[in-house]
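Undergrad: The structure's right below; bear with me while I get my questions together.
The values are calculated or read from the model by the stated rules, or taken from the named source; none is laboratory data. It should be emphasised that the depicted structure is a prediction, and the values quoted were computed from it without experimental measurement. Please note: Cβ atoms are built from the backbone with ideal geometry, for glycine as well, and neighbour counts cover all protein chains shown.
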Amino acid sequence: MIDIKSLTLEELQGEIEKLGDKKFRAKQIYGWLHEKLVDDFAEMTNLSKNLREKLEQEYELTSLKIVQVQESKLDGTCKFLFRLSDGNVIESVLMKYHHGNSVCISSQVGCRMGCRFCASTLDGLERGLKASEMLDQIYQIQKWSGERVHNVVVMGTGEPLDNYDALLRFIELLTCEGGLHISQRNVTVSTCGIVPAMRKLADEKLQITLALSLHASSQEKRKSLMPVANKYDLSEVLDACRYYFEQTGRRITFEYSLVGGVNDTEEDARELTALVKDINCHINLIPVNPIKERSYVQSEQRTILNFKNKLEKSGINVTIRREMGRDIDGACGQLRKSYMDTEK
């Protein structure tokens, strides 16, 4: 069956004409799917019963089911566990800021990148998500909260650039006029550094922010934390970041998880400065979220502040990411992992 929620308006118009109905019906259906966010063809009340029945027979309508919601008592952050139609589970996060609501979504069921400090990758990769499954995380969260989502980060479970075609279609549907119409500038896509896909994305000339999971100040240290570094040298990855800026004019974000005694020394700060000083960038320092399967611990507060100050004195634009949802399974993959362990 064709996944109707992953179709563009033009593709949907072609499908509706194939069904023998008028082209304008496609716009009505598209509005039901991406503006009114319905979960069932029966809810499309301005369509004939006959057309609704045809849609039911010919098309799959993706609708994620909420399995669990954890709500932080500290800051109102909400972590969602969703069940997909094949029984797999994924997670998303709603973060409330004074400038609007941000949602962090998953792009895959599991992950095969193997980053040492991340819970998402512990059970490997099951499959990539369809564009509709990526979209519906946002749609279900909007319906649950009754509030509009302003910013989307593709930074949950999975490596977005390992699911490239679905990611691009998701961005198109999310930012086009007939849907939520979120500005491309309010979309951030994270990657651990798949160089060919980074360059390909740059050539699309989108206005999204690219966030590179850097996490180390040298190639050797990066290899110890991130297996992808065995395939792509740090110099190649940074060249791809420069290319992204050249093609899009969009400043790069470097994500740097601070792990106590591993990558948080003064020498690390010096090396990191040397690596990125010629790149138009912003560094996001992230106190690592400890997971029970690994021995990594969070850097001390004083060390984090010293690291930030060292970078700032060298003229680097840097922030410490505000920790959201520390009293719930806040880190990527934690809620899904704990749920799956319980199920087993």
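Undergrad: Could you please find all residues in the range 93-118 being in a strand (DSSP E or B) and within 15 Å of residue 188 (Cβ to Cβ)?
TA: Matches in the range 93-118: 93, 95, 97, 100, 101, 102, 103, 104, 105.
Undergrad: Now a separate question. Can you pull out the residues in the range 1-18 that are more than 17 Å from residue 179 (Cα to Cα) and either acidic (Asp, Glu) or buried (at least 17 other Cβ atoms within 10 Å of the Cβ) (or both)?
TA: Result: 15, 16, 17.
Undergrad: Ok, one more. Working only within the range 264-287, note down all residues that are under 11 Å from residue 303 (Cβ atoms) and not hydroxyl-bearing (Ser, Thr, Tyr).
TA: Result: 264, 266, 268, 269, 285, 287.
Undergrad: Could we say that residue 133 is modelled with pLDDT of 95 or more, acidic (Asp, Glu) and within 11 Å of the chain's Cα centre (by Cα) here?
TA: Judged against the criteria, residue 133 is not a match.
Undergrad: Let me ask something else about it. What single numbered condition from (1) over 30 Å from residue 25 (Cβ atoms); (2) surrounded by fewer than 22 Cβ atoms within 10 Å (Cβ to Cβ) fails to hold for residue 149?
TA: (1)
Undergrad: Among the numbered conditions (1) without any contact (Cβ under 8 Å) to a residue 60 or more places away in the chain; (2) farther than 30 Å from residue 221 by Cα; (3) crowded, with 17+ Cβ neighbours inside 10 Å, tell me where residue 98 comes up short.
TA: Result: residue 98 passes all but (3).
Undergrad: Of the residues 85, 72, only one is modelled with pLDDT under 95 and in the same structural domain as residue 110 (by TED's automatic domain parsing); which?
TA: None of the others qualify; the one that does is 72.
Undergrad: Inspect the range 2-25 for any residue being within 25 Å of residue 128 (Cα to Cα), in a strand (DSSP E or B) and β-branched (Val, Ile, Thr) and give the result as yes or no.
TA: yes
Undergrad: Looking at (1) touching a residue at least 40 places away in the same chain (Cβ under 8 Å); (2) in contact with a strand residue (DSSP E or B) (Cβ under 8 Å, 6 or more places away or on another chain); (3) assigned to a loop (DSSP other than H, G, I, E, B); (4) more than 18 Å from residue 30 (Cα to Cα), find the lone condition where residue 73 falls short.
TA: Unmet condition: (2).
Undergrad: Taking into account only those residues within the range 251-289 that are free of Cβ contacts under 8 Å to residues at least 40 places away in the same chain and in a loop (DSSP other than H, G, I, E, B), which is nearest to residue 217 (Cα to Cα)?
TA: 265
Undergrad: Before we move on, is residue 297 of a type outside the set (Gly, Ala, Ser), out of contact with any Phe, Trp or Tyr (no Cβ under 8 Å at 6 or more places or on another chain), modelled with pLDDT under 95 and surrounded by fewer than 19 Cβ atoms within 10 Å (Cβ to Cβ)?
TA: Yes, satisfied.
Undergrad: Using beta carbons and a limit of 6 Å, which pairs, at least six apart or on different chains, have the first residue in the range 133-155 and more than 17 Å from residue 185 (Cβ to Cβ) and the second one in a loop (DSSP other than H, G, I, E, B)?
TA: 133/62; 136/62; 136/64; 139/37; 140/64; 143/37
Undergrad: Being without any contact (Cβ under 8 Å) to a residue 24 or more places away in the chain and buried (at least 18 other Cβ atoms within 10 Å of the Cβ) is the filter here, so list the residues in the range 33-52 that pass it.
TA: Correct list: 38, 41, 44, 47.
Undergrad: Another question, if that's okay. State whether the residues of the range 148-155 include one that is in the same structural domain as residue 269 (by TED's automatic domain parsing) and assigned to a helix (DSSP H, G or I).
TA: no
Here's the yes/no breakdown for (1) closer than 26 Å to residue 1 by Cβ; (2) in a helix (DSSP H, G or I); (3) modelled with pLDDT of 95 or more:
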| position | (1), (2), (3) |
| --- | --- |
| 137 | yes, yes, yes |
| 140 | yes, yes, yes |
| 157 | yes, no, no |
| 162 | yes, yes, yes |
| 171 | yes, yes, yes |
| 181 | no, no, yes |
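Undergrad: How many of the residues making up the range 72-82 are surrounded by 15 or more Cβ atoms within 10 Å (Cβ to Cβ) and touching a Leu at 6+ places or on another chain (Cβ under 9 Å)?
TA: 6
The rows are residues; the columns are (1) touching a residue at least 40 places away in the same chain (Cβ under 8 Å); (2) crowded, with 20+ Cβ neighbours inside 10 Å; (3) in contact with a Leu (Cβ under 6 Å, 6 or more places away or on another chain); (4) assigned by TED's automatic domain parsing to the domain that holds residue 275.
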| position | (1), (2), (3), (4) |
| --- | --- |
| 199 | yes, no, no, yes |
| 202 | yes, yes, no, yes |
| 207 | yes, no, no, yes |
| 219 | no, no, yes, yes |
| 229 | no, yes, no, yes |
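Undergrad: What's the number of the only condition in (1) at pLDDT 95 or above; (2) within 27 Å of residue 116 (Cβ to Cβ) that residue 226 fails to meet?
TA: (1)
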